[in-house]
Amino acid sequence: MLANGPGSRLVTEALREKKNVDGIVSTGFCGALDPALRVGDIVVSGEPVRSRRAFIQGEILSVDRVAVTAAEKGALRERTGAVAVEMESAAVAAKAREWGVPFRCVKVVSDAAAEDMPLDFNLYRDASGRFSRTRIALAAMLRPFTVMPGLLRLDRNCRDAAGKLGEFFADCEF
């Protein structure tokens, strides 16, 4: 298992060399593009998985930036037909193809298609693509009554979604 963070650059660094790899699963959070998806829904693409828990099989779009607004999410959905958007799986899938191993993408929805993010998180990334929690906190303190409630909602969504993802993996077979 490797942890890499957001964006293709960090994935490429984390997966520099192959070591006893029989398959690759990219997992984490995604934003809904399909308005029917709710926070906590599991979305799977790539090779099939088996689980007693409900999940949605569909295309997950991988981009190198956060989809910040509901309008941006809607445009991505219209342009690609994808059900969800995230920031890592394209680079991970490319590495799986290079190594000739099966690839699966298993993501959990952290924000609904109709929701705007409380901040443009793209403004708070460092040169390697990681998010600066300090800069995000400072930005929130500048607008505590408008940004903080949204950040708290997103934090709650992520905590709930992480639990749902763990439950899914507990019952999942590859």
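On the basis of being in contact (Cβ under 8 Å) with a residue 24 or more places away in the chain and either of a type in the set (V, I, T) or more than 21 Å from T27 (Cβ to Cβ) (or both), does D120 make the cut? Give the derivation first.
Values: in contact (Cβ under 8 Å) with a residue 24 or more places away in the chain: yes; either of a type in the set (V, I, T) or more than 21 Å from T27 (Cβ to Cβ) (or both): yes.
Yes; evaluated as a whole, the condition is true for this residue.
I need the full set of residues from segment 84-103 which are charged (D, E, K, R) and either farther than 26 Å from A54 by Cα or at pLDDT below 95 (or both), in order please.
Hits for segment 84-103 are E88, K95, R97, E98.
Exactly one of these conditions fails for C172: (1) at pLDDT below 95; (2) open to solvent by less than 40 Å² (accessible area, probe 1.4 Å); (3) out of contact with any Ser or Thr (no Cβ under 6 Å at 6 or more places or on another chain); (4) under 20 Å from Q57 (Cβ atoms). Give me its number.
All conditions are met except number (3).
Identify, from the list G81, G74, the residue that is closer than 30 Å to R50 by Cβ and surrounded by fewer than 18 Cβ atoms within 10 Å (Cβ to Cβ).
G81
Could you tell me whether any residue of segment 145-164 is modelled with pLDDT under 95 and in a strand (DSSP E or B)?
Checking segment 145-164: not a single residue is modelled with pLDDT under 95 and in a strand (DSSP E or B).
If you go through segment 126-135 one residue at a time, how many are of a type outside the set (G, A, S) and surrounded by 18 or more Cβ atoms within 10 Å (Cβ to Cβ)?
Residues that pass the stated criteria total 0.
Under the condition of being among the small types (G, A, S) and over 16 Å from the mean Cα position of the chain (by Cα), which residue from segment 38-69 is farthest from E115 (Cα to Cα)?
S51
Suppose we filter segment 98-120 for residues that are surrounded by fewer than 18 Cβ atoms within 10 Å (Cβ to Cβ) and closer than 23 Å to L76 by Cβ; how many remain?
Counting residues in segment 98-120 that are surrounded by fewer than 18 Cβ atoms within 10 Å (Cβ to Cβ) and closer than 23 Å to L76 by Cβ gives 3.
Only one of (1) at pLDDT 95 or above; (2) open to solvent by 80 Å² or more (accessible area, probe 1.4 Å); (3) closer than 30 Å to Q57 by Cβ; (4) in a helix (DSSP H, G or I) is not met by L123, so which one is it?
Against the list (1) at pLDDT 95 or above; (2) open to solvent by 80 Å² or more (accessible area, probe 1.4 Å); (3) closer than 30 Å to Q57 by Cβ; (4) in a helix (DSSP H, G or I), L123 comes up short only on (3).
Working carefully through the options A91, A54, A84, A67, find the one that is without any contact (Cβ under 8 Å) to a residue 24 or more places away in the chain and under 28 Å from E167 (Cα atoms).
A54
The values are calculated or read from the model by the stated rules, or taken from the named source; none is laboratory data. Keep in mind the model is a prediction, meaning the values are calculated, not measured. We place every Cβ from the backbone using ideal geometry, glycine too, and count neighbours over all the protein chains shown. Each accessible area value is taken on the protein alone, full model and side chains, heavy atoms only, with ligands, DNA and RNA left out. Shrake-Rupley method; radii C 1.70, N 1.55, O 1.52, S 1.80 Å.
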